[in-house]
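Engineer: Sending over a structure as structure tokens; questions will come in a sec.
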Amino acid sequence: MHSLKNIIIKLFISFIFFSIFAVTDAYAQNKITSVRVWPSPESTRVVFDLKEKPDYSYFVLKKPLRLVVDLKNTSQKVSLPKVTKEHQLIKKVRFSKPKKKGWTRLVFEILEPVKPVIFSLAPTGPKKDRLVVDLFAINKKPKKTIVAKNRDMSGNRDIVIAVDAGHGGEDPGSIGPAGTYEKNITLQISKRLTKLINAEKGMRAVMPRTGDYYVKVDTRTLRARNKKVDFLVSIHADAFSSPQPRGASVWVLSLRRANSETGKWIEDSEKHSDLLGGAASVLKDTQNEKYLVQAVLDMKMDHSMKTGLAVAYTIQKELKKVTKMHKKTPQYASLGVLKSPDIPSILVETGFISNPAEEKLLKTTAHQNKLAKAVFTSIKAHFRNNPPEDSYFAKIKLATPESHRVKSGDSLSVLAQRYGITVYKLKQANKLKSNTLFIGQNLTIPRS
């Protein structure tokens, strides 16, 4: 009887503890496990990792400016990160007295008017449920465009290259066996490539992403377009489910994706204006506007794809000199960053970060410099041979004579006709006293 009594008492105590725990858990079923803050030039992103899908609401207070976020039935037993000076929009993130028992109230002390965009993200890969708080500056003045010091002062413009560092911020990209993030490798190589471009007279680089923050694919191409770029190169690092594959590769837009994207652009009148450079206003009230726009877009897309493929083949050859190649020729894919009909674009996979040896190599300064130099050399060579008419490169091409190595069947009259000059000018430029040519002879071809 005594032992039975003890068992009943123990069961009763256990029931009491279980009931208390159940009541407490009912108040706070969810839990914040960690918090991360990502700054960018125009916005700040705060990400809350949670045990389960968040149930939330929010509102903004003035004098002083604050954003208040309420998380229902959520525990607040987590340390909030300190906000550094690089976060130009937030002074502090702190907890406050919750609206109800078992809830969590977060307060963002804001330095200037912002547009808050708050949403939840479902689990993906190693990431669990998340609540994302994006704060976009409303009255932020645009930064003055920095003109490269090597810009030609006579009015001949620079060739502008967009160097897109893949991934960033909350999106780390692929992760190597040693824990290397793709987003860090791509940013480092992109900065090295940008430095090479800006050091070349007649060229200038712009970067859609300059730090560790996330930029949507559409925003990357929009920023490139706003800078009136001539070409876009997106830098990435490949990955696979097994560690064996390795080597770099170059990717261009597939025709299937190109046609699909062109169709989307036709339905968007605002993008028409950007792509047509003002021609949309002339077509506005024309019955056949849609077909005219289609024709212009098709021509732009055709030019972009041909340019992208030409540069891709050149980069493929240059990369072979400094690293192993995964593919022998450029590959086609429907990758979002390549989709703009008006911007010739390529994507360079610098190597497999999932391969331990290549991951280690991609982290080294020497290898990053080699990769950047290979990409730079290829882009520069293309635009030296095919410069935009109003560019500095076009000016120096006109001032620089071409050369021709004499082959079997060549004659002065044949070469004069081919290059659009007279036999007299050809003989004069090469100080020839007779019409005889020799195989292997180098001739200077003067500009007509």
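Engineer: Would you check if there is a residue in the stretch 363-385 being of a type outside the set (Lys, Arg), under 41 Å from the mean Cα position of the chain (by Cα), outside any helix (DSSP H, G or I) and modelled with pLDDT of 90 or more?
Structural biologist: Applying the first criterion (of a type outside the set (Lys, Arg)) to the stretch 363-385 yields 364-369, 371-372, 374-379, 381-383, 385.
Subsequent filtering for residues that are under 41 Å from the mean Cα position of the chain (by Cα) retains 364-369, 371-372, 374-379, 381-383, 385.
Okay, now just the ones that are also outside any helix (DSSP H, G or I), so 364.
Narrowing further to those that are modelled with pLDDT of 90 or more: 364.
Among the residues of the stretch 363-385, at least one is of a type outside the set (Lys, Arg), under 41 Å from the mean Cα position of the chain (by Cα), outside any helix (DSSP H, G or I) and modelled with pLDDT of 90 or more, which makes the answer yes.
Engineer: Next question, about the same structure. Against the definition (among the aromatic types (Phe, Trp, Tyr), closer than 18 Å to Val337 by Cβ and either modelled with pLDDT under 50 or part of a helix (DSSP H, G or I) (or both)), how does Trp265 come out, yes or no? Write out each step before concluding.
Structural biologist: Working: among the aromatic types (Phe, Trp, Tyr): yes; closer than 18 Å to Val337 by Cβ: yes; either modelled with pLDDT under 50 or part of a helix (DSSP H, G or I) (or both): yes.
Yes; evaluated as a whole, the condition is true for this residue.
Quick grid of which residues meet (1) at pLDDT below 85; (2) within 22 Å of the chain's Cα centre (by Cα); (3) assigned by TED's automatic domain parsing to the domain that holds Pro172; (4) closer than 20 Å to Ala224 by Cα:
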{"residue": "Pro126", "(1), (2), (3), (4)": "yes, no, no, no"}
{"residue": "Val133", "(1), (2), (3), (4)": "no, yes, no, no"}
{"residue": "Lys144", "(1), (2), (3), (4)": "yes, yes, no, yes"}
{"residue": "Arg151", "(1), (2), (3), (4)": "yes, no, no, yes"}
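Engineer: If you don't mind, another one. Just a yes or no: is a residue in the stretch 336-346 surrounded by fewer than 19 Cβ atoms within 10 Å (Cβ to Cβ) and of a type in the set (Asp, Glu)?
Structural biologist: Our first condition is that a residue be surrounded by fewer than 19 Cβ atoms within 10 Å (Cβ to Cβ); within the stretch 336-346, this holds for 336.
Right, trim to of a type in the set (Asp, Glu) and you get none.
Among the residues of the stretch 336-346, not one is surrounded by fewer than 19 Cβ atoms within 10 Å (Cβ to Cβ) and of a type in the set (Asp, Glu), which makes the answer no.
Engineer: Sticking with this one: Looking at the stretch 122-140, is at least one residue surrounded by 13 or more Cβ atoms within 10 Å (Cβ to Cβ), farther than 25 Å from Gln29 by Cα and either of a type in the set (A, V, I, L, M) or touching an Asp or Glu at 6+ places or on another chain (Cβ under 6 Å) (or both)?
Structural biologist: Yes, that holds for at least one residue.
Engineer: Looking only at residues in the stretch 393-414 that are under 19 Å from Glu200 (Cβ atoms) and out of contact with any strand residue (DSSP E or B) (no Cβ under 7 Å at 6 or more places or on another chain), which one is surrounded by the fewest Cβ atoms within 10 Å (Cβ to Cβ)? Show your work before the answer.
Structural biologist: At the first step, the residues of the stretch 393-414 found to be under 19 Å from Glu200 (Cβ atoms) are 393-400.
If we keep only those that are out of contact with any strand residue (DSSP E or B) (no Cβ under 7 Å at 6 or more places or on another chain) as well, we get 394-400.
Numbers: Ala394: 19, Lys395: 17, Ile396: 15, Lys397: 16, Leu398: 10, Ala399: 8, Thr400: 10.
Filtering the stretch 393-414 for residues that are under 19 Å from Glu200 (Cβ atoms) and out of contact with any strand residue (DSSP E or B) (no Cβ under 7 Å at 6 or more places or on another chain), the one surrounded by the fewest Cβ atoms within 10 Å (Cβ to Cβ) comes out as Ala399.
Engineer: Any chance you could count how many residues in the stretch 327-386 are under 18 Å from Gly173 (Cβ atoms) and aromatic (Phe, Trp, Tyr)?
Structural biologist: Matching residues across the stretch 327-386 total 1.
Engineer: Within the stretch 180-225, can you find the residues that are within 12 Å of the chain's Cα centre (by Cα) and part of a helix (DSSP H, G or I)?
Structural biologist: Selection gives Lys183, Thr186, Leu187, Ser190, Val217, Asp218, Thr219, Arg220, Thr221, Leu222, Arg223, Ala224.
Engineer: Given Ala312, Ala295, Ala333, Ala280, which one is surrounded by fewer than 21 Cβ atoms within 10 Å (Cβ to Cβ) and at pLDDT 75 or above?
Structural biologist: Ala333
Engineer: Kindly indicate whether Val348 is aliphatic (A, V, I, L, M), over 20 Å from Lys183 (Cβ atoms) and not in a helix (DSSP H, G or I).
Structural biologist: Here the answer is no, as Val348 does not meet what is asked.
Engineer: Sticking with this one: How many of the residues making up the stretch 190-237 are surrounded by fewer than 19 Cβ atoms within 10 Å (Cβ to Cβ) and closer than 16 Å to Val348 by Cα?
Structural biologist: The qualifying residues number 2.
Engineer: Step by step: first the residues of the stretch 405-448, then only those that are within 24 Å of Ala394 (Cβ to Cβ), among the small types (Gly, Ala, Ser) and assigned to a loop (DSSP other than H, G, I, E, B), then the one that is modelled with the highest pLDDT. Which residue is that?
Structural biologist: Going through the qualifying residues, I end up with Gly420.
Engineer: Using the structure shown, decide if Arg246 is among the basic types (Lys, Arg) and farther than 26 Å from Ser304 by Cβ. Please lay out each step first, then the result.
Structural biologist: Numbers: among the basic types (Lys, Arg): yes; farther than 26 Å from Ser304 by Cβ: yes.
Here the answer is yes, as Arg246 does meet what is asked.
Engineer: Separate question: Can you run down the residue pairs with Cβ atoms below 7 Å, 6 or more apart or on separate chains, where the first is in the stretch 420-445 and more than 17 Å from Lys407 (Cβ to Cβ) and in contact (Cβ under 8 Å) with a residue 60 or more places away in the chain and the partner is part of a loop (DSSP other than H, G, I, E, B) and basic (Lys, Arg)?
Structural biologist: If the second residue must be part of a loop (DSSP other than H, G, I, E, B) and basic (Lys, Arg), no pairs are left.
Engineer: For Glu389, only one of the following conditions fails: (1) surrounded by 12 or more Cβ atoms within 10 Å (Cβ to Cβ); (2) not in a helix (DSSP H, G or I). What is its number?
Structural biologist: Here Glu389 clears every test but (1).
The values are calculated or read from the model by the stated rules, or taken from the named source; none is laboratory data. Computed from a prediction, not measured in an experiment: that's the story for all the values here. Please note: Cβ atoms are built from the backbone with ideal geometry, for glycine as well, and neighbour counts cover all protein chains shown.
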